[in-house]
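Student: Okay, here's the structure, questions in a sec.
Taken together, the values in this text are just the output of simple stated rules run on the coordinates, not laboratory data. Note that the coordinates shown come from a computational prediction; the quantities given were computed from them, not determined experimentally. Cβ placement follows ideal geometry from the backbone for every residue including glycine, while neighbour counts extend to all protein chains displayed.
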Amino acid sequence: ALRPSAPAAPRRHSGRRARARRLIYRLKRLKRRRERAPLRASRAHQWHLRARPARVVASSSRRRRVCRRARVEVSARSRLCARRGARAGARRSARGAGRRTMWDWDDDSTANVALALTWLALVTCSALVAARRDVEAARGAAARGKDGKGLKRGRAPHAWFRHFYVVGCAANARELARLWARGAATGRADARAAVVAATLFQAHCLRRLYESARVSTYGDDATMHAIVYAGGLAYYVCAPKTWAAYDCGDAAKTTLEPLETLAATALGALGVALFALGNYRQYECHVILARLREPSAPSSSARDADADVARRSRYFIPRGGWFERVSCAHYLAEIVLYLGLALIVVPTDVFLGKLSVSARPSVSSVSRASSSSAVVAARVPRLAPLALLAAIVANLACVASSHHAWYLKTFGDAYPRDRGALFPRRRG
């Protein structure tokens, strides 16, 4: 039998050839990769160029839309800021020229409206008190201690009247300094009238302060209610502002014609004369009232001292001067002097068109406008001085009627029947 032959021994060069073949294959593959690398890179670049524009267009349009919105918002905000800046600049320039902010108390337009409403409210209250004389509380507050009826608690002595004039002198000095700083430099007619009125009112407050401290004598039982005291303090804070608030911003013009200047000067001179007459007559009346309470010559007897105390605590019929015609001559003199102040201020306001209401462009509104376009606004008339005069007449008429009734009730037939309460009666 045939014996299988043994396997042939491997050749020594077989492994070497395999390694060589593998090495050659690797070298050829590396060569092919190197040859294909630029083509692959170019194809990849071409694909990138083909795919890039779509993404770029989408992102660019979205970016443009976002940028467009941002530009619109920025432009709107810039326009709003520009308008706000223009308004703020106008306010700063107006403040630098002497104007004030809109709702500041120093703003004359706001003060004009607020004071006019305040004085008209006082007129209304006085009319209600005069119409309802059965209200004992109101009569007691208005009587200023002439009777024992009405409100009893919270009363202040009449000697505290001097507090009113201290406050009035301080408040009017502030307004007068402001007028000299603002109005005197402008040369406007209403500014000059306001300076004159404020100066005269300062003299009036100083005279009343001197009278309350050196001339007037008050009885021990003469008191006033706390409401009257608080109202008096508030009055002497607001009254100086009424005469000084000339630049209310509602004038149709700032200069007067020659005839208007002549008429305003003549009425102002008449107002100064009435102011002087009212002050003189009021001082005379206060001297007459003070002499009714003067003690007799010093005496060592207790009887004379008791008589002096009784005399100081009692009331007597005033005689002399305007008291021969009216019961409250000092109130009539006060109305006369306030009428003089009104004649100094109001005619100039009338000629400047401050008392008319119309929807035409005003001088101040055009000056406050930031643009050159016409500004049409309804002008608010300057009613504060006239409202103050009406409030004084209404209040003093109410108080004078109460005092006149008290005189008739207290003295009876001994009191002269031909006297009026506040204004003289026609004889005949």
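Student: Run the quick spin-label model on Ala170 and Leu277: label points 7 Å from Cα toward the beta carbon, then report their separation in nm to one decimal.
Tutor: 3.6 nm
Student: Sorted by packing (mean other beta-carbon atoms within 10 Å per residue), highest first, where do 412-419, 230-237 land?
Tutor: Highest-to-lowest ranking by the protection proxy: 230-237, 412-419.
Student: Show me the ranking of peptides 256-265, 335-344 by mean Cβ neighbours inside 10 Å, starting with the highest.
Tutor: Details: 256-265: 14.3, 335-344: 22.6.
The densest-packed peptide leads the list: 335-344, 256-265.
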